[in-house]
Amino acid sequence: MAESIGAEHVSDWVEVTQAMIDQFAEATGDHQFIHVDPERAAQTPFGGTIAHGFLSLSLMPMLAAKSGAPSIEGAKMGVNYGGNKVRFMQPVRSGSRVRGRFRLRKFVERKPGVWERVQEYTLEIEGEAKPALVAEWIALIYV
């Protein structure tokens, strides 16, 4: 895997639906009107409802699975360890299509059987020049 440092993989496009946004609001208790009330949200500069920033961030595993990146041989599990940087650049409007762009930055063995993977995650919005978010994310992979 270390030989893949700098390699980039791009996922398929996925639509962010109002149903996804509503389910995320229900799961997290974040029912701010810009996410769940289309009529009120239409009166804001966004012109309609937008996905929660944390919903956009949490699409990372699903989009990574759709990116064609090679799996880690012998991996038993992976866990989120945290982020070095997360920036929400632009809102994702309900009905938009997004895709993940992943670049491997680091892959090192922390201790026997535990590897640290650092990757850059960019969430692109179809038809937009600016991404929704850019993150440098760390995962621990247990083999």
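Within the bounds of the stretch 56-75, is there any residue that is part of a loop (DSSP other than H, G, I, E, B) and at pLDDT 95 or above?
There is at least one residue in the stretch 56-75 that is part of a loop (DSSP other than H, G, I, E, B) and at pLDDT 95 or above.
Would you call Arg93 in contact with a helix residue (DSSP H, G or I) (Cβ under 9 Å, 6 or more places away or on another chain), of a type in the set (Lys, Arg), surrounded by 13 or more Cβ atoms within 10 Å (Cβ to Cβ) and modelled with pLDDT of 95 or more?
no
Could you look through the stretch 1-46, keep only residues that are among the small types (Gly, Ala, Ser) and touching a helix residue (DSSP H, G or I) at 6+ places or on another chain (Cβ under 7 Å), and pick out the one that is farthest from Glu73 (Cα to Cα)?
Among them, the one singled out is Ala41.
Restricting the search to the stretch 88-123, which residues are part of a loop (DSSP other than H, G, I, E, B) and either touching a residue at least 40 places away in the same chain (Cβ under 8 Å) or touching an Asp or Glu at 6+ places or on another chain (Cβ under 9 Å) (or both)?
Listed by number, the residues that qualify are Met89, Gln90, Pro91, Val92, Ser94, Gly95, Ser96.
Each row is one residue, and each column tells you yes or no for (1) touching a strand residue (DSSP E or B) at 6+ places or on another chain (Cβ under 8 Å); (2) free of Cβ contacts under 8 Å to residues at least 60 places away in the same chain.
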{"position": "Ile34", "(1), (2)": "yes, yes"}
{"position": "Leu55", "(1), (2)": "no, yes"}
{"position": "Met62", "(1), (2)": "yes, yes"}
{"position": "Ile72", "(1), (2)": "yes, no"}
{"position": "Gly78", "(1), (2)": "yes, no"}
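When you scan the stretch 124-137, how many residues do you find that are in contact with a Lys or Arg (Cβ under 7 Å, 6 or more places away or on another chain) and in a strand (DSSP E or B)?
5
Take the residues of the stretch 1-52 that are among the small types (Gly, Ala, Ser), loosely packed, with under 14 Cβ neighbours inside 10 Å and modelled with pLDDT of 95 or more: which is farthest from Glu126 (Cα to Cα)?
Ranking the candidates gives Gly29 first.
The values are calculated or read from the model by the stated rules, or taken from the named source; none is laboratory data. Owing to the predicted nature of the structure, the values given are computational and were not obtained by experimental measurement. Neighbour counts are summed over all protein chains in view; Cβ atoms, including those assigned to glycine, are modelled from backbone coordinates with ideal geometry.
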